[in-house]
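Here is the structure we will look at, set down as structure tokens.
Laboratory data are not the source of any read-out in this text; all were calculated from the coordinates shown. Please read these numbers as outputs of a predicted model, since none were measured by experiment. Every residue, glycine among them, receives a Cβ derived from its backbone with ideal geometry; neighbour counts consider all protein chains shown.
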Amino acid sequence: MSARESISPSELTTKPFELLNSQWLLLACGDFEKKDFNMMTIAWGSMGTMWHMPFIMTVVRPQRHTLKFMEKYDNFTLSAFPEKYENTLTVLGTRSGMDMDKINSSGLTPTSSPHISSPSFEEAELVIECEKIYTDIFKPENIIPEGLNEKIYPAGDHHHIFFGKVLSIEKSPASVMPF
């Protein structure tokens with residue numbers, strides 16, 4: 001993978017619904033130098049502005065191994081990959097780091113991120129570095145559409161919510177995706 005170039009949040013020209021819902025992102029959190037990190041594929045989240053800061057919001061269910069890293073560390077990365085990594089992202093989103101060595105079995109190459117402790121990946125075409133600015137847990141009484149809570153959370157395992165201030169965005173100049 002060629003070197004990535006830095007862009008400002010205002011220069012990011014992606015299709016967020018396609019990026020999250022169809023292409024997916026790899027969430028990574030922890031400390032690369034200490035080899036204390038985990039990763040999982042995400043398809044739910046949002047991008048925008050909060051408190052005059054560019055942010056990304058992501059959610060993690062309580063049974064996911066990545067949650068303990070999201071609670072322990074104050075930063076995370078989100079990475080987008082070329083289409084050829086779709087099967088890898090499927091495995092990383094459906095298998096737990098408690099059950100397997102996701103890092104070594106993924107075929108991806110973790111690397112240090114320029115501004116935070118959480119890793120990024122050499123193969124990524126887009127890497128967004130974030131610093132946590134807010135966290136919460138979805139509350140069943142605040143889920144408005146009738147029946148949605150029961151449909152999405154029949155076990156009561158409501159997502160933990162993480163807002164991250166965007167600190168850095170790097171994209172591959174060779175990417176075919178419109179970043």
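Would you work out the relative contact order for the stretch 5-171, in percent, from Cα pairs under 8 angstrom that are 6 or more residues apart? For the stretch 5-171, the relative contact order is 30 percent. Per-residue ellipticity at 222 nm from helix content only, as computed over the chain with -39500 (n - 2.57) for each DSSP H run of at least four residues, stands at -3500 deg cm²/dmol. Could you work out the local net charge near Pro114, counting Lys and Arg as +1, Asp and Glu as -1, over the other residues with Cβ closer than 14 Å to its Cβ? Surrounding charge for Pro114 is -4.
By definition, a body whose alpha carbon gyration tensor gives a ≥ b ≥ c is rounded when a/c is under 1.5, and the stretch 1-128 falls into this rounded group.
Footprinting exposure proxy ranking of Ser79, Ser175, Ser96, fewest other C-beta atoms within 10 angstrom first, gives Ser96, Ser175, Ser79. Around the Cα centre of the stretch 5-171, unit charges on the Cβ atoms of Lys, Arg, Asp and Glu (plus for the first two, minus for the last two) sum to a dipole of about 280 debye. Over all other residues within a Cβ to Cβ distance under 11 Å of Met53, the charged ones net out to 0, with Lys and Arg as +1 and Asp and Glu as -1.
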